[in-house]
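The values are calculated or read from the model by the stated rules, or taken from the named source; none is laboratory data. Note that this is a predicted model, so its numbers are computed, not measured. Counting neighbours? That spans all protein chains shown, and the Cβs are built from the backbone with ideal geometry, glycine included.
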Amino acid sequence: MQNPRVLDTAELEPALANLRKARDAAMDEGAGDSDFGEIDTVIAAFEDEIRRRTEN
């Protein structure tokens, strides 16, 4: 997974959207909640980075 800190600001939102789509697709295919720990952590990191950049 990519580190959100190395992406340009314009790349963050589309990357976050792709992560959310992948998570939703996995849920639709029947993956259990325990399967989402890593992707949830990455999504949170992207959200935090977006929040950090928009606060400045």
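Residue count for the chain, restricted to those that are surrounded by fewer than 10 Cβ atoms within 10 Å (Cβ to Cβ) and among the basic types (K, R): 1. Taking the criterion of being modelled with pLDDT under 90, not acidic (D, E) and not in a helix (DSSP H, G or I), the residues of region 4-56 that qualify are G30, A31, G32, N56.
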